[in-house]
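Structure record follows, encoded as structure tokens.
The numbers here are math on the coordinates, done by the rules we state, and not lab data. Because the structure is predicted, anything quoted here is derived from the model rather than measured. Here the Cβ is made from the backbone with ideal geometry for all residues, glycine too, and neighbour counts use every protein chain on show.
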Amino acid sequence: MGDKTPLHQDHERLGARIVDFGGWDMPLHYGSQVEEHHAVRTDAGLFDVSHMTVVDLEGDDVQAWLRHLLANDVARLKTPGKALYSCLLNDEGGVIDDLIVYFLAADRYRMVVNAATRAKDLAWLQARSAGSGVTVRERPELAMIAAQGPAARDKAATLLDPADRDAALALTPFTAAQFGELFVARTGYTGEDGWEIILPADAAADAWRTLEHAGIRPCGLGARDTLRLEAGMNLYGQDMDETTSPLESGLGWTVAWEPAERDFIGRAVLEAQRATGAPRKLVGLLLEDRGVLRGHQRVVTAAGDGEVTSGSFSPTLGRSIGFARVPAETGEQVEVDIRGRLLGARVVRPPFVRNGKSRIQLD
């Protein structure tokens, strides 16, 4: 038995298949993972992401503290509500976690981190806040729901007071605002438009049912995984971890190198790696033979072996896709060892799908 979100009874009511995910009992699907995937790509899907950890950071020096802590630069956030995606690095440049941080005020930020990394993230933040004047406050009394898909925001707006709907619908990507008890962010993990809504845990069940009645289909972790993979989004613990740097994980774009004088944790290691070239890279794979890519499969290249980090069948493309960490010199064609057979795969640049349509040549 794992931890349960405030929506657990609703998952049981809907007949979800419950699985363990990072110590939480979470819905894998509600009958058809593929149908849930297509619902998000074509209309709207509803996800319980209350297992994620919300952390509020406060203090007069919180911006300077975060500029040292994160590889991306929170000084880029000028307007309250703006958000930034970043990696949290260790001293060796390895990825402790990937996260989103929201600028609320000069002395207040909000951070959302992954469920499986909660304990180590909080320990890292608390240790580095000692003597800084920054307060690190976990918010376990909050829940989080995501409405994703091309029709998601319009349908989810029924959750808001009529006076707030226009302002909420006007939020730009990676921007959030507080509307009553709802913290509404135009962010997500599916490659589609939508909202992630942070709200009091005791209000989550009513909100979930309101969104259900608005025509947003409940979706589980299975669809969330195939959606994020098609969208070219990494999963912590599979596509990057503390042994890999952002430069080896397709996340070099999240590192703010300027200004050069900003000394963030892990910078020296990343600078050296950038100067010499990272020995490995994360690439997208499109399997050209029949089969399914899965994590930990061996990838054979002319430059040496690599490994599939994430893989699945893509419901949108009707083909198997994945990510793989391979030698930096790897070319456009590789082979993947699937049950003892070497099958051909093409190296492609993610995302595989954007706005519900393929971004890669399939033939």
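Quick notes
- Between the range 241-301 and the range 20-76, the alpha-carbon center distance in angstrom: 21
- nm² value of the averaged projected area, convex hull over the Cα atoms of the range 9-70: 6.9
- Residue among Val348, Leu159, Ala223 farthest towards the positive dipole end of the chain, charges placed on Cβ: Val348
- For the chain: rounded, prolate or oblate by the Cα gyration tensor [a/c cutoff 1.5]: oblate
- Counting neighbouring beta carbons within 10 Å and listing from fewest to most, the residues Phe103, Phe183, Phe21, Phe323 come out as Phe21, Phe183, Phe103, Phe323.
- Rg over Rh [alpha-carbon atoms, Kirkwood Rh] for the range 172-237: 0.99
- Simple label model, 7 Å out from Cα along Cβ direction - Asp61 to Arg262, nm: 1.8
- Using a cut-off of 31 Å between Cα atoms, the listed pairs Lys82/Lys357; Lys78/Lys281; Lys120/Lys357; Lys120/Lys155 include Lys78/Lys281; Lys120/Lys357; Lys120/Lys155 as exceeding that distance.
- Of Glu271, Glu242, Glu35, the one that fluctuates the most in a GNM where the chain has Cα springs shorter than 10 Å: Glu271
- Label-to-label distance, nm, for residues given as Leu169 and Arg108 (7 Å Cα→Cβ offset): 2.8
- Taking only the C-alpha atoms of the range 223-363, the Rg (one decimal) and the largest Cα-Cα distance, Dmax (whole number), read 15.6, 51 Å.
- Summing +1 for each Lys or Arg and -1 for each Asp or Glu among the other residues whose beta-carbon sits under 15 angstrom from that of Leu285 gives +1.
- Charging the Cβ of each Asp and Glu at -1 and of each Lys and Arg at +1, and nothing else, the dipole of the chain about its Cα centre rounds to 780 debye.
- Between the listed residues Leu293, His29, Thr243, the Cα displaced farthest toward the positive end of the dipole of the chain, a dipole computed from Cβ unit charges relative to the Cα centre, is found at Leu293.
- Considering only Ile321, Ile265, Ile338, the Gaussian network model of the chain with Cα springs below 10 Å gives its largest mean-square fluctuation to Ile338.
- Summed side-chain charge close to Val19 - residues other than Val19 whose Cβ falls under 12 Å, Lys, Arg +1, Asp, Glu -1: -2
- Lys, Arg +1 and Asp, Glu -1 on Cβ, resulting dipole of the range 279-363 about Cα centre, debye, nearest 20: 360
- Among Thr276, Thr5, Thr254, a tally of other beta-carbon atoms within 10 Å of each Cβ gives an order, fewest to most, of Thr276, Thr254, Thr5.
- Only one residue of Val55, Ala119, Ser129 has its Cα farthest out toward the positive end of the dipole of the range 54-129, where Lys and Arg carry +1 and Asp and Glu -1 on Cβ, and that residue is Val55.
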